[in-house]
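What follows is a set of notes on a single structure, which appears directly below.
The values are calculated or read from the model by the stated rules, or taken from the named source; none is laboratory data. From a predicted model like this one, the values you see are computed outputs, not experimental measurements. With ideal geometry, Cβ positions are generated from the backbone for all residues, glycine too; neighbour counts draw on all protein chains shown. Surface areas here come from the heavy atoms of the whole protein model, side chains and all, with no ligands, DNA or RNA. Shrake-Rupley method; radii C 1.70, N 1.55, O 1.52, S 1.80 Å.
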Amino acid sequence: MSSSYFHEDAGIALDGVPREPLQDARVLLTGASGVVGIHMAAAFRRLIAEGSKLRLQVTFQSPVTGVIAEMLDHPQISIRRGDLTDPAFRRSLDQADLILHAAGYGQPGRFLENPGKTIRLNTEATLDLLEKVPTGGRFLFVSTSELYVGLPVGEPNREDSIGTTNTTHPRACYIEGKRCGEAACNAARAGGIQAVSARLALAYGPGAHAHDRRVLYTFIEKALHQGEIAMMDHGEARRIYCYAPDAVRIMLRAVLEGREPIYNVGGKGVLLIREVAEKIGAQLGVPVRLPETARPLEGAPAEVGLDMGLYEREFGPLKYVDFDEGLRRTIAWHRREKPAGA
């Protein structure tokens, strides 16, 4: 597998994104090991291949290997390994004209296991990273649609809404950390930094680690390695998925051209979790089995839906990669990274 694996997806991510502000920019990307971060890195790598003089610094906590290491092997790209909750590591990072803060434990299983680090990644790290952007620079904070948890179910959530969870909520470390990060970005705007918060909902695509415990990837892993998808509950929760390159395109345009401080970032078309499992099962030819006793993840929202009207009024109608096609590409990644039976 070569670094060209992400080339087509990088084209999707860059569709309509202005090149001029990035031509000679110093860019810092945190959380490059996540699905969104990997596709952001791929987009900048493609710009470099097209002749851009931008300089990209990316942070990873885990070792960088395989196709990701190959993709990032370029003189204009530097890789920094370290823990963003460590103040010394944050101080060592370069100043940048554009910072994309995509680190933050997007997997519920991980942020529930590391509540203290989850809060620090979204608060302390965000504040320190904002100090590395000069006046007139740009900062993207990858926030979350979980800020809407607690609102009535049934209508997509708008940016002028906010959830009703308390600080005792099972996911408070994540929700409140993101809320504080957004407040830090708003304060930075008053100081002349174009800081934008992106309330992201359920991005998926190639690039996920085999141990990623988000439900879509768990279903793929079960199908590939167990020959069936055994669900933990009956899959009645409703979700809207967005192919990662589409999400990256929305976020890049928002931070480079957007007028607003907050944008929803998500797809269209609601799916039951059970329907996601059935689509994966159909593509891989394995059965889906429902449990007699449900074991849902504590605090998981019953529905995740976003109103994309604010973004579309500013940038025009959105075009998305079809979910079935995005799923096909995602399954292909998992097969190549860890073939069944390995």
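Quick check on the range 161-177. Is at least one of its residues free of Cβ contacts under 8 Å to residues at least 60 places away in the same chain, touching a Ser or Thr at 6+ places or on another chain (Cβ under 9 Å), charged (D, E, K, R) and within 20 Å of GLY266 (Cα to Cα)? No, the range 161-177 contains no residue that is free of Cβ contacts under 8 Å to residues at least 60 places away in the same chain, touching a Ser or Thr at 6+ places or on another chain (Cβ under 9 Å), charged (D, E, K, R) and within 20 Å of GLY266 (Cα to Cα). Which members of the range 45-94 meet the condition of being among the polar types (S, T, N, Q), open to solvent by less than 70 Å² (accessible area, probe 1.4 Å) and farther than 14 Å from ALA10 by Cβ? The answer is GLN57, THR59, SER62, GLN76, SER78, THR85, SER92.
Restricting attention to the range 228-244, the residues that are assigned to a loop (DSSP other than H, G, I, E, B) and either modelled with pLDDT under 95 or under 27 Å from CYS180 (Cβ atoms) (or both) total 9. The set of residues in the range 245-287 that are part of a loop (DSSP other than H, G, I, E, B) and in contact (Cβ under 8 Å) with a residue 12 or more places away in the chain comprises GLY258, ARG259, GLU260, PRO261, GLY266, GLY267, LYS268, GLY269, VAL270, VAL286, PRO287. Note on the range 195-219: among residues that are in contact with a helix residue (DSSP H, G or I) (Cβ under 7 Å, 6 or more places away or on another chain), of a type outside the set (A, V, I, L, M) and in a loop (DSSP other than H, G, I, E, B), the one that is modelled with the lowest pLDDT is ARG213.
Here ALA32 meets each of (1) assigned to a loop (DSSP other than H, G, I, E, B); (2) modelled with pLDDT of 95 or more with one exception, condition (2). Does SER143 satisfy the condition of being small (Gly, Ala, Ser), modelled with pLDDT of 95 or more and under 13 Å from THR59 (Cβ atoms)? No: the conditions fail for SER143.
Going through the range 168-182 one residue at a time, which ones are out of contact with any strand residue (DSSP E or B) (no Cβ under 9 Å at 6 or more places or on another chain) and either modelled with pLDDT of 95 or more or among the polar types (S, T, N, Q) (or both)?
Narrowing the range 168-182 to residues out of contact with any strand residue (DSSP E or B) (no Cβ under 9 Å at 6 or more places or on another chain): 168-173, 176-177, 180.
Hits for the range 168-182 are THR168, GLU176, GLY177, CYS180.
For the range 182-194, a residue qualifies if it is open to solvent by less than 50 Å² (accessible area, probe 1.4 Å), without any contact (Cβ under 8 Å) to a residue 60 or more places away in the chain and assigned to a helix (DSSP H, G or I), and exactly one does: ALA188.
One line per residue, one yes/no per condition, for (1) in contact with a Gly (Cβ under 8 Å, 6 or more places away or on another chain); (2) under 28 Å from ALA125 (Cβ atoms); (3) in contact (Cβ under 8 Å) with a residue 60 or more places away in the chain; (4) of a type outside the set (Phe, Trp, Tyr):
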| position | (1), (2), (3), (4) |
| --- | --- |
| HIS7 | no, no, no, yes |
| VAL17 | no, yes, yes, yes |
| PRO21 | no, yes, yes, yes |
| ALA25 | no, yes, yes, yes |
| LEU29 | yes, yes, yes, yes |
| VAL35 | yes, yes, yes, yes |
| MET40 | no, yes, yes, yes |
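The set of residues in the range 224-253 that are out of contact with any Gly (no Cβ under 6 Å at 6 or more places or on another chain), closer than 23 Å to VAL321 by Cβ and open to solvent by 10 Å² or more (accessible area, probe 1.4 Å) comprises LEU224, ALA237, ARG238, ARG239, ARG249, ARG253.
Within the range 141-156, the presence of a residue that is under 22 Å from ILE250 (Cα atoms), among the small types (Gly, Ala, Ser), open to solvent by 10 Å² or more (accessible area, probe 1.4 Å) and outside any helix (DSSP H, G or I) is excluded.
Considering only residues in the range 19-33 that are out of contact with any strand residue (DSSP E or B) (no Cβ under 6 Å at 6 or more places or on another chain) and open to solvent by 30 Å² or more (accessible area, probe 1.4 Å), the one that is nearest to GLY136 (Cα to Cα) turns out to be PRO21.
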